[in-house]
Amino acid sequence: MLEDKILVFRFNRGSKEALRRIYEKYKDDLLGLAVALSNDVSLAEDVVHDVFVSFAQSVGTFNLTGSLKSYLSTCVANRARDRNRSINRTDSALEAADETSSDIIGPERSAICNEESKLLINLLSKLPYDQCEVIVLHLHHGLKFRRIAKLQSVSINTIQSRYRYGLDKLRCMLDGEVKT
Amino acid sequence: VRLPENIERFIKNRKPHVAAGADIDNRILDDSFAAMAATMRAKSVVNQPNIRRIIMKNRITKLAAVAGIVIIVFFGLHHFGNSIDGTSTAFADVLNAISKAKTISYKEVCERESGSYTTENMVNESGVMRSILLHNLSTPKYSNSNDPNNVNITIWDLAKCIFLQLSPKDKRAYITHRVGEARKITLLNYVEWFSILHEKSGTFAGQDEIDGKITNKFICDRGEFTKITAWVDPATNLPVRVEQVDLPNPKRDISPLLSISMRDFGGTSNSTLGIGGGISEKQVQTMTDFVWNAELDESLFSVTPPEGYAVEENYQDVTQPDEKDLIKALSFWTEMSDGMFPDAINDLGDPNQVKPLLIKKFHKDGPPKEELDLAVQQMHKILKGLYFAQEQKVNGSWGYTGNGVELGDSAKPVCWWKAENSKSYRVIYGNLSIGDANSIPLITE
């Protein structure tokens, strides 16, 4: 936390090195979040790109009130949602799943390192987006329901419901996988 | 796939780990750096015409503005005195020539990564300095130096403790009264600096051709953070070009620009006040086009605003910071932070932390101008406390242990330092009392 404060402090004073360190520190986590929300590595890269460019534009005025990681995660979630809105998510899910599960990605491209994660991402992509977002932000990135409620502009009860419904659907899907 | 008993754990354990590719790293970082640079350039455009930056005049910020220029000039001269290769006789001549100089004019280009600017400066016999900000090299908006209105003029009268800033374009004048500074000096006979500089050493670095003329070149490495090069005309013994390169000193790299605007207090004006000092990034100041002893019109140095200008006056406390200032700064901090001391002393200069506290304290839905003024006064006080701590830190006898200490805990030291020529340590405790200790205070849990 203190390290982040110092990095933000230096970033605000125009330090490229501070920006680089912030990026290095959180890029994998944020890419993971973006991939989980979009089920598309290429789209995820664009999301993280946009978030960091936008963050860089706040130099000199960026005001960190909480955790930098939570802030950036929220930005990624917002941006991913915007991107997803412009895509017919249902139709693209299968295509995207194929893309993420392919292993033809070279070192110059980002890559999901774990097969089980790929399966989970595939399953998450079949959930309604809001439910997927709650589950990923809460379980993978530690955001509290209150914060996610603010992000989705709904009540905390709605968030908890989305979380429960999402988990139930995942359980059903996994049940189907097992039976298959 | 086995159906998990605990679906939450199942999901948690499968958090995707994505390794970013080299291409995306480069693309994101390159684009981010470009965006950052563009923003900083844009801010430079916005800030320059309304320049009202108040530079704290103390030892910490002595490289700023006029003082900085004076240092450059006399540092350049100083080298001659301590040269080890037989140029010491030249020093006396240069010193003599400078002491007889009545006026000086020169051009200065200051280049930084975040932006550059050019000024034309002149100093009269009384030591009053007039500086004209011509244009910002990195901002096309100010590239038209032919427009006589597209400039900012600052007149520094240190003897009267006043500096006047004029913005001809919008006919505004800002007068700053520097309270607590009574110096009867003239810039060209500022022997105080000689007494400091005489202890330093410089190196004769041979001869260079500058604008077709042979000059003597002298280099002075003033520690690892400042390097000054002066080219001197052997015929007149006066500098024709001086270049100073400053790098951020990590120990002093904690005095950023703190700025706060009317908008922060519900106002609609863009009026912004900022305070800053020190060197936060590498900067190169190059002084050229020296003209010595030219006749200068005294009206150019008047600190009375021209007719037709809207005038705004400010008062700036420029007394040297002391331990009381540090206590006041810590007192404000604890008051606004639920009794907790800052995690680090540098937090006192962190805009991200200080600004919200100022707004919290002074934004009461009253007149924005009044609230802004109060906040700025408090901002000065906080920075004075920080500057005091910085001085102790630079002197090498400073410690801060306030992280986690709560206001009122008289047993816990918050910070300590040892003044020059003192045998004991000064200690500020958690109840903001101050006392002496024979040794560095122990931190007890």
Check your understanding: Looking at the stretch A:5-25, which of its residues are polar (S, T, N, Q) and either facing chain B (nearest Cβ under 7 Å) or surrounded by fewer than 19 Cβ atoms within 10 Å (Cβ to Cβ) (or both)?
Key -> A:Asn12
Practice item. Please state which one of A:Asp28, A:Asp40 is at pLDDT below 90 and either touching a strand residue (DSSP E or B) at 6+ places or on another chain (Cβ under 6 Å) or surrounded by fewer than 18 Cβ atoms within 10 Å (Cβ to Cβ) (or both). Key: A:Asp28
Practice item. Just name the residue that is farthest from the other protein chains (Cβ to nearest Cβ) out of those in the stretch B:302-353 that are β-branched (Val, Ile, Thr) and not in a loop (DSSP other than H, G, I, E, B). Key: B:Val311
**Study point:** First in the stretch A:44-62 and within 8 Å of another protein chain (Cβ to nearest Cβ) and in contact (Cβ under 8 Å) with a residue 40 or more places away in the chain, second anywhere and surrounded by fewer than 24 Cβ atoms within 10 Å (Cβ to Cβ) and among the basic types (Lys, Arg), Cβ under 9 Å, 6 or more apart
**Key:** A:Glu45/A:Arg109; A:Glu45/B:Arg27; A:Val59/A:Arg13; A:Val59/B:Lys43; A:Gly60/A:Arg13; A:Gly60/B:Lys43
Practice item. Within the stretch B:397-409, identify whether any single residue is aliphatic (A, V, I, L, M), assigned to a loop (DSSP other than H, G, I, E, B) and at pLDDT below 90, and answer yes or no. Key: no
Exercise for review: Filter the stretch B:14-28 for residues that are modelled with pLDDT of 80 or more and surrounded by fewer than 20 Cβ atoms within 10 Å (Cβ to Cβ) and give the result.
Suggested key: B:Lys15, B:Asp25, B:Asn26, B:Arg27
Review point. Regarding B:Leu432, is this residue in a loop (DSSP other than H, G, I, E, B) and in contact with a helix residue (DSSP H, G or I) (Cβ under 7 Å, 6 or more places away or on another chain)?
Key: yes
Check your understanding: If we keep just the residues of the stretch B:161-180 that are buried (at least 16 other Cβ atoms within 10 Å of the Cβ) and of a type in the set (D, E, K, R), which is modelled with the lowest pLDDT?
Key -> B:Arg178
Point to revise | Only one of B:Pro351, B:Pro342, B:Pro321, B:Pro367 that is out of contact with any helix residue (DSSP H, G or I) (no Cβ under 8 Å at 6 or more places or on another chain) and not β-branched (Val, Ile, Thr) | key: B:Pro367
Check your understanding: Could you say whether any residue in the stretch A:30-38 is more than 7 Å from chain B (Cβ to nearest Cβ) and within 30 Å of B:Ile260 (Cβ to Cβ)?
Key -> no
Point to revise | Residue among B:Asp343, B:Asp365 that alone is farther than 28 Å from B:Thr154 by Cα, surrounded by fewer than 14 Cβ atoms within 10 Å (Cβ to Cβ), in contact (Cβ under 8 Å) with a residue 24 or more places away in the chain and not hydroxyl-bearing (Ser, Thr, Tyr) | key: B:Asp365
**Study point:** Condition met for B:Thr319 (over 16 Å from B:Thr154 (Cα atoms), buried (at least 16 other Cβ atoms within 10 Å of the Cβ) and of a type in the set (S, T, N, Q))
**Key:** no
Check your understanding: Would a scan of the stretch A:158-165 turn up a residue that is within 14 Å of chain B (Cβ to nearest Cβ) and of a type in the set (Lys, Arg)?
Key -> yes
**Study point:** the stretch A:158-171, subset without any contact (Cβ under 8 Å) to a residue 40 or more places away in the chain and more than 18 Å from the chain's Cα centre (by Cα), residue farthest from A:Asn78 (Cα to Cα)
**Key:** A:Arg171
Practice item. Within the stretch B:44-54, identify whether any single residue is under 21 Å from B:Arg112 (Cβ atoms), buried (at least 16 other Cβ atoms within 10 Å of the Cβ), more than 7 Å from every other protein chain (Cβ to nearest Cβ) and at pLDDT 80 or above, and answer yes or no. Key: no
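The values are calculated or read from the model by the stated rules, or taken from the named source; none is laboratory data. None of the values given here were measured: they were computed from a predicted structure. Note that we place each Cβ from the backbone using ideal geometry, even for glycine, and neighbour counts take in every protein chain shown.
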